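Student: Before I ask anything, let me first share the structure, which is written out below as structure tokens.
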Ligand code: XIL
């Protein structure tokens, strides 16, 4: 196959990218994105601050620009993200307790109603675990509303759009030996045992010298799949974009039947949130990097 999306589709998977609405007028960007990828995640436009800038006043203009571009170009869409400690609008940052809990519920309902039946996977909750060795939840205003905030978010999401796969998404959970990975595993196991509706786990996979790729990523993906959830690589970028590491990550997904697909977090290095790491598959001029060829050959 000659594109990432078509090659991934040979095994029933997808290959996606983050799309920024502000770049949809850049024809180098859109021509690569339209050609290579068959899944789209809005890089920022479906986040809480973008979709509910004032309490109860939803704004889907930027989100819909990304959504409509994706659908018009034949792509599926991952929704990102409904409940998160970061990129909250000011009004939400200032809430706590039962008022914040209700605002979270109302936000999930409002956004999911707008996209009902249109989103393949939703990242319902993003980044709820702490870094380091504690295995604890991350302290946040949402966490302080009570430890059950995550399951409430998932139950709300299931009722709002039963057709979407509901994912928990996090970073530094790719290495099986990390405490954060084990904490996320225990939560997903508990949710499956108690019937909390969760369908998938997203591994952001921002690999760099501080949190490097390890070959046990495949074990991690398989162990989560064995709990009865799908897995996905949701925000892949790798410092320096070594071709061999990109190939290994691709093979890890292909080795796990329940790995739905891979999304890279941007198109060209210059589009990356970590552009100084040159972590993506395309050069700034739009040409393909060695990592691109390695991924295509691995698919
Ligand atoms: C990043 C975006 O790429 C940036 O443009 C923005 O300034 C901050 O957020 N984990 C996530 C993504 O779940 O939403 C983040 O995206 C990167 C880390």
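No value in this document is a laboratory result; all are computed from the given coordinates. The shown structure was predicted, so the numbers you read here are calculated from the model rather than taken from an experiment. With ideal geometry, Cβ positions are generated from the backbone for all residues, glycine too; neighbour counts draw on all protein chains shown.
Student: How are the alpha carbon pair distances in segment 42-148 distributed across 5 Å bins from zero to the largest one, expressed in percent?
Tutor: 2, 12, 23, 23, 17, 12, 7, 4, 1
Student: Moving on. Across bins of 10 angstrom width beginning at 0, how are the C-alpha pair distances of segment 1-43 distributed, in whole percent?
Tutor: Going from the shortest bin to the longest, the percentages are 30, 50, 18, 1.
Student: Rounded to the nearest whole Å³, what is the per residue volume of the convex hull around the Cα atoms of segment 184-228?
Tutor: Values: hull volume 3.2 nm³, N = 45.
Roughly 71 Å³ of hull volume per residue.
Student: Moving to a separate point now. Mind ordering 113-122, 97-106 by average Cβ neighbours within 10 Å, highest first? Each step should come with its number before you reach the end.
Tutor: Details: 113-122: 18.3, 97-106: 16.3.
Packing order, densest peptide first, comes out as 113-122, 97-106.
Student: Can you compute the FRET efficiency between residue 285 and residue 55 using 1/(1 + (r/R0)^6), with r the Cβ-Cβ distance and R0 = 51 Å? Round to the nearest 0.05.
Tutor: Details: r = 44 Å, r/R0 = 0.86.
The value I calculate is 0.70.
Student: Relative contact order of the chain: what whole-number percent is it, with Cα pairs under 8 angstrom and at least 6 residues apart? Don't skip to the answer; put the middle values down first.
Tutor: Working: 618 pairs, mean separation 50.0, N = 299.
About 17 percent, as a whole number.
Student: Using a 10 Å cut-off on Cβ atoms, rank the peptides 157-168, 257-268, 191-202 from the highest mean neighbour count down.
Tutor: Values: 157-168: 20.0, 257-268: 23.9, 191-202: 18.1.
With the highest mean Cβ count within 10 Å placed first, the list reads 257-268, 157-168, 191-202.
Student: With the cut-off at 29 Å, report for the chain the share of all Cα pairs above it, as a whole percent.
Tutor: Numbers: 13464 of 44551 pairs.
Looking at the chain, the distances longer than 29 Å represent 30 percent of pairs.
Student: Per residue, how big is the convex hull of segment 26-67 when only Cα atoms are used? Give it in Å³. Mind showing how you got there, number by number?
Tutor: Details: hull volume 2.9 nm³, N = 42.
It comes to 69 Å³ per residue, whole-number rounded.
Student: Let me test this: with uniform point scatterers at the alpha carbons of segment 69-124, what is the Debye-based log₁₀ I(q)/I(0) at q = 0.28 1/Å?
Tutor: Treating every Cα as an identical point scatterer, log10 I(q)/I(0) equals -1.16.
Student: Highest first, please rank the peptides 173-183, 145-155 by the mean number of other Cβ atoms sitting within 10 Å of their residues.
Tutor: The packing order, highest mean first, is 173-183, 145-155.
Student: Report the Rg/Rh value for segment 96-213, based on alpha-carbon coordinates and the Kirkwood definition of Rh.
Tutor: Ratio of gyration radius to Kirkwood radius: 0.97.
Student: Once you place label points 7 Å from the Cα toward the Cβ at residue 209 and residue 190, how far apart are they in nm?
Tutor: The modelled label-to-label distance comes out at 3.7 nm.
Student: Binning every alpha carbon pair distance of segment 1-77 at 5 Å from zero, what are the percents per bin?
Tutor: 3, 17, 24, 21, 14, 10, 6, 3, 1, 0
Student: So what is the diffusion coefficient of segment 171-299 in µm² per second by Stokes-Einstein at 37 °C and 0.692 mPa s, using a Kirkwood Rh over Cα pairs? Display every interim value, and only then the final one.
Tutor: Details: Rh = 15.0 Å.
Rounded to a whole number, D works out at 220 µm²/s.
Student: To the nearest 500 deg cm²/dmol, what mean residue ellipticity at 222 nm is calculated for the chain from DSSP H runs of n ≥ 4 alone, each contributing -39,500 (n - 2.57), summed and divided by the residues? Walk me through the numbers on the way to the answer.
Tutor: Values: 11 runs with 113 residues, N = 299.
Helix contribution divided over all residues of the chain: -11000 deg cm²/dmol.
Student: If you take every DSSP beta bridge whose two residues both sit in the chain, what share of them, in percent to the nearest 5, is antiparallel?
Tutor: Details: 3 of 38 bridges.
Here the share of antiparallel DSSP bridges comes out near 10 percent.
Student: Here's another thing I want to ask about it. What is the mean projected area of the alpha carbon convex hull for segment 127-167, to one decimal in square nanometres? Provide the component values of the computation, followed by the final result.
Tutor: Details: hull surface 13.3 nm².
So the mean shadow area of the Cα hull is 3.3 nm².
Student: Given 0.36 nm per residue, what is the gain on full extension from residue 159 to residue 94 after removing their alpha carbon distance, in nm?
Tutor: 20.7 nm
Student: If I model a spin label at residue 72 and residue 255 as a point 7 Å from the Cα along the Cα→Cβ vector, what separation in nanometres do I get?
Tutor: The answer from the label model is 4.2 nm.
Student: So for segment 105-157, Kirkwood radius off the Cα pairs, Stokes-Einstein at 10 °C and 1.306 mPa s: how many µm² s⁻¹?
Tutor: On the way: Rh = 12.4 Å.
This corresponds to a translational diffusion coefficient of 128 µm²/s.
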